[in-house]
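Asker: Dropping a structure here in structure tokens format, bear with me for questions.
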There are 2 protein chains.
Amino acid sequence: MTETEATSIDLEIIAHGPKSGAKAETRLWLRMLSTTKLMTSEIRRRLRAEFGATLPQFDLMAQLYRETDGLRLGELSKRTMVTNGNITGLVERLEADGMVKRVTPDGDRRVTVARLTDEGKALFATMAAAHEAWLCDMMADVDQDMIASLWREIGMVKGSASNHLSGAADE
Amino acid sequence: MTETEATSIDLEIIAHGPKSGAKAETRLWLRMLSTTKLMTSEIRRRLRAEFGATLPQFDLMAQLYRETDGLRLGELSKRTMVTNGNITGLVERLEADGMVKRVTPDGDRRVTVARLTDEGKALFATMAAAHEAWLCDMMADVDQDMIASLWREIGMVKGSASNHLSGAADE
């Protein structure tokens with residue numbers, strides 16, 4: 001990942017300026033974006049501080065945790081935000097740490113899949129529990145009813161966006 | 001940017017699985033994340049299709065559009081999600097296209113700032129209008145009251161997260 005983190009800067013204000021004639025949709029979009037960026041930065045920081053881990057490592061382990069048969073690197077790349085070029089290094093690093101192993105299933109030598117080791121599974125379970133606790137911590141000032149209604153309403157935004165994609169099929 | 005786009009895959013489902021004991025906060029987080037990723041992918045696709053532009057180019061021009069005095073590259077890097085290493089190439093490319101110029105203000109040779117050219121300003125204004133129209137299109141199925149209430153309520157999530165950062169000062 002070549003992103004930097006700009007946690008001290010509020011992207012909503014930067015992107016938009018304090019006064020603006022932007023439409024409600026644009027204001028909502030910038031707020032969604034700045035909120036997810038703020039929270040993502042905090043998650044990156046806590047992963048590093050508490051586990052010495054990066055967000056791409058966490059995301060990759062999350063995928064493997066759910067796929068007990070393992071995943072090919074190309075599929076892992078698709079399911080995370082990591083390019084094919086970077087996924088190999090990421091897997092090699094986790095393999096060196098004993099968290100991941102690469103295996104050739106079913107005797108087909110052309111196929112290699114990555115799987116979590118038992119140690120990797122145990123570590124991810126611990127990280128996932130911490131990740132959930134961080135989210136609860138970050139949303140501590142929001143009452144449960146609002147969390148539930150936000151989940152439903154953001155689902156409507158997501159559904160609307162899905163209905164109005166310009167050409168998802170050609171991506 | 002080294003991110004790939006996984007538009008055909010719903011990250012909320014992948015990350016989470018169809019059944020789960022996750023808390024409401026985690027479910028909301030995954031929905032926020034998958035929604036912004038879906039919409040970001042669509043914006044990337046439309047920028048490329050309609051303007052031959054990338055999202056980092058758009059973000060960089062957005063910053064310069066608001067800062068008529070220009071910005072130093074380090075500051076530009078902070079305000080976008082582009083690393084210092086990549087910002088130079090991005091600026092050089094936009095300069096070659098005639099959208100950006102680098103100038104030395106106030107006779108201080110040690111300082112170089114990037115500014116939009118008139119052509120760059122005109123292009124960005126066109127792109128920003130298109131960007132707003134895409135957002136309205138993507139949110140077309142969501143009524144205006146809900147857009148307004150989502151803006152307020154996501155503001156509460158953002159405020160809560162801001163109140164519970166672990167160590168923003170040391171980033």
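Nothing in this text is a laboratory measurement; each read-out follows from the coordinates by a stated rule. Just so we're clear, the structure is a prediction, and the values are computed from it rather than from any experiment. Virtual Cβ from ideal backbone geometry, glycine too; neighbours counted across all protein chains shown.
Asker: Using only helices, what value at 222 nm comes out for chain A when you add -39,500 (n - 2.57) per DSSP H run of length 4 or more and divide by the total residues, to the nearest 500 deg cm²/dmol?
Answerer: -20500 deg cm²/dmol
Asker: Ok, one more. Taking beta carbons within 10 Å but only from partner chains, what does the mean come to for residues B:138-146?
Answerer: 6
Asker: How big is the gap, in Å, between the Cα center of the range B:129-162 and the Cα center of the range A:21-67?
Answerer: Between the Cα centre of the range B:129-162 and that of the range A:21-67, the gap is 18 Å.
Asker: Here's something else I'd like to know. Non-local amide H neighbours of B:Val82 (under 5 Å, H modeled in plane, Pro and chain starts lacking H): which ones?
Answerer: A:Thr4
Asker: So, one more: If one computes the Cα centroid of the range A:69-87 and of the range B:70-87, what distance in Å separates the two points?
Answerer: 28 Å
Asker: On to the next question. To the nearest 10 degrees, how steeply does helix A:118-138 sit against the main Cα axis of chain A, on a 0 to 90 scale?
Answerer: It is inclined by approximately 10 degrees.
Asker: I'd like the Karplus ³J(HN,Hα) series for the range B:139-155: coefficients 6.51, -1.76, 1.60, θ = phi - 60°, whole numbers in Hz, and an x wherever there's a Gly or Pro.
Answerer: Ordered by residue, 3J(HN,Hα) equals 9, 4, 8, 9, 6, 4, 4, 5, 4, 5, 6, 5, 4, 5, 6, 5, x Hz.
Asker: Hey, another quick one. Mind giving me the nanometre distance, one decimal, between the label points for B:Asp118 and A:Ser162, set 7 Å out from Cα along Cα→Cβ?
Answerer: The answer from the label model is 4.8 nm.
Asker: Skipping prolines and chain starts, which residues have an amide H placed within reach, meaning under 5 Å, of the one on B:Val100, given they are 5 or more residues away or on another chain?
Answerer: B:Glu95, B:Thr117
Asker: Right, next: Taking θ = phi - 60°, what integer Hz values does the Karplus form 6.51 cos²θ - 1.76 cosθ + 1.60 yield along the range B:29-37, in sequence order, with x for Gly and Pro?
Answerer: Each residue's phi maps through the Karplus curve to give 4, 5, 6, 4, 5, 5, 5, 5, 5 Hz.
Asker: Same structure, new question: Any idea what the dipole of the protein assembly as shown comes to, in debye rounded to 20, about its Cα centre with Lys/Arg Cβ at +1 and Asp/Glu Cβ at -1?
Answerer: Value, rounded to 20: 440 debye.
Asker: May I ask you to derive the FRET efficiency for B:Ser149 and A:Arg102 from their Cβ-Cβ distance with R0 = 35 Å, giving the value to the nearest 0.05?
Answerer: 0.15
Asker: A follow-up question, please. Computed FRET efficiency, Cβ-Cβ of A:Glu75 and A:Arg48, R0 25 Å: what is it to the nearest 0.05?
Answerer: Computed FRET efficiency for A:Glu75 and A:Arg48 comes out at 0.40.
Asker: Let me confirm one metric for peptide A:74-80, namely the mean number of other chain beta-carbon atoms within 10 Å of its residues' beta-carbons.
Answerer: That average works out to 3.
Asker: Provide a whole-number value for the mean count of partner chain Cβ atoms within 10 Å of the Cβ atoms in peptide B:30-40.
Answerer: Whole-number average of other-chain Cβ neighbours for B:30-40 is 6.
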